[in-house]
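Here the structure comes first, spelled out in structure tokens, and everything after it is commentary.
The values are calculated or read from the model by the stated rules, or taken from the named source; none is laboratory data. Nothing here was measured: the structure is a model prediction, and the numbers come from that model. Reconstructed Cβ throughout: ideal geometry from the backbone, glycine too, with neighbour counts over all protein chains shown. Please note that ligands, DNA and RNA were not included when accessible areas were found on the heavy atoms of the full protein model with its side chains. Shrake-Rupley method; radii C 1.70, N 1.55, O 1.52, S 1.80 Å.
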Amino acid sequence: MRPAADGQWPARTGASARPARPVLVDTAVYGAAPARGRRQVVEGEMMWPGRPVSWPWPRAVAGEPFVPPTGRGRPDWLSWPDGERPHLASWLPVLPGLTPHGLRHGHQTWLDDARTHKALTVERMGHEDRSMSGIYGHVTDGMREELTAYLQVLWESAVAARFTIHPHSSIPILDAELAKWREGNVSMIVSQISPQARKRAASQ
């Protein structure tokens, strides 16, 4: 999660010290493996967001020409023929410093926006409520069904937004969801949440 959120591999200290470096990815799509040599790049195709490669390239310096380094595990990229050369890019940060715990804050905001019942919010967030309402309040199946429908709308909206960026993903579970859009198999979600809540969810 750290490289994806920050857009860079973290720095190391100690015996194997190194500065932070960008996440280098190959966005090329390749044809079938030939009997000899490297696979050929399929022109006009792109794999988004790319496959991370382990080449330890440093970050470019603004105003200075960048020359890809060679040696010590770095292939001589410039010597590869154009038809075989990887299409290299680096990830931009999603949200520097983001942690799994930080995602809980966003989830809590979703629950508040959905007007989720307090008892269900406490249960879902794994908290303990010793107040009077916490002792006497209980979660019902209807509460869970309403929240599930709301979160489903958020999920489908997020996948739809991701599809507009690129119809494929190198992550299998996400690509399977995008395939529903590529194949035109997406249907409208029918839920029990209110029209106002559905509108809010669709706008996220």
Point to revise | Distant-in-sequence amide H partners of TYR30 (H built 1.01 Å from N, under 5 Å) | key: VAL42
Point to revise | Candidate residues THR140, THR148: accessible-area rank, largest first, probe 1.4 Å | key: THR148, THR140
Check your understanding: For the stretch 119-127, what does the Karplus curve 6.51 cos²θ - 1.76 cosθ + 1.60, with θ = phi - 60°, yield as ³J(HN,Hα) per residue in whole Hz, taken in order and with x for Gly and Pro?
Key -> 4, 6, 4, 4, 5, 5, 7, x, 8
Practice item. First measure r as the distance between the Cβ atoms of SER131 and LYS180, then evaluate 1/(1 + (r/R0)^6) with R0 = 30 Å and state the FRET efficiency to the nearest 0.05. Key: 0.10
Revision key, fill the gap. Any residue on another chain or 5+ positions along whose placed amide H is under 5 Å from the amide H of TRP9 is listed here as ARG21, VAL23
Check your understanding: Please identify the trypsin sites (Lys or Arg not before Pro) of the stretch 54-104 that satisfy two criteria: DSSP loop assignment and at most 16 other Cβ atoms within 10 Å. Which are they?
Key -> ARG59, ARG72
Revision key, fill the gap. Phi angles of the stretch 99-108, converted by Karplus (6.51 cos²θ - 1.76 cosθ + 1.60, θ = phi - 60°) into ³J(HN,Hα) in whole Hz with x for Gly and Pro, give 10, x, 5, x, 5, 5, 5, x, 5, 4
Check your understanding: In sequence order, what are the phi-derived ³J(HN,Hα) couplings for the stretch 143-155 according to the Karplus relation 6.51 cos²θ - 1.76 cosθ + 1.60 with θ = phi - 60°, rounded to whole Hz, with x for glycine and proline?
Key -> 4, 5, 5, 5, 5, 4, 5, 5, 5, 5, 4, 4, 5
Review point. For the stretch 5-46, what is the charge dipole size about the Cα centre, in debye to the nearest 20, if Lys and Arg each add +1 at the Cβ and Asp and Glu each add -1 at the Cβ?
Key: 300 debye
Study note, to complete from the structure: Of the candidate values (i) 44, 24, 13; (ii) 23, 21, 17; (iii) 35, 19, 13, the one computed for semi-axes √(5λ) of the Cα gyration tensor in Å from this structure is (i)
Check your understanding: Can you give the calculated 222 nm mean residue ellipticity of the chain, where each DSSP H run of n ≥ 4 adds -39,500 (n - 2.57) and the sum is split over every residue, rounded to the nearest 500 deg cm²/dmol?
Key -> -11000 deg cm²/dmol
Practice item. State the answer as a single residue: which of ALA15, HIS101, MET132 lies farthest towards the positive end of the charge dipole of the stretch 1-147, with beta carbon charges of +1 for Lys and Arg and -1 for Asp and Glu, about the Cα centre. Key: ALA15
Revision key, fill the gap. Counting sequence-distant residues (5 or more places) and residues on other chains, those with an amide H built under 5 Å from that of ARG38 are none
Review point. So if we plug the beta-carbon distance of ARG38 and ALA4 into 1/(1 + (r/R0)^6) with R0 = 22 Å, what FRET efficiency do we get, rounded to 0.05?
Key: 0.20
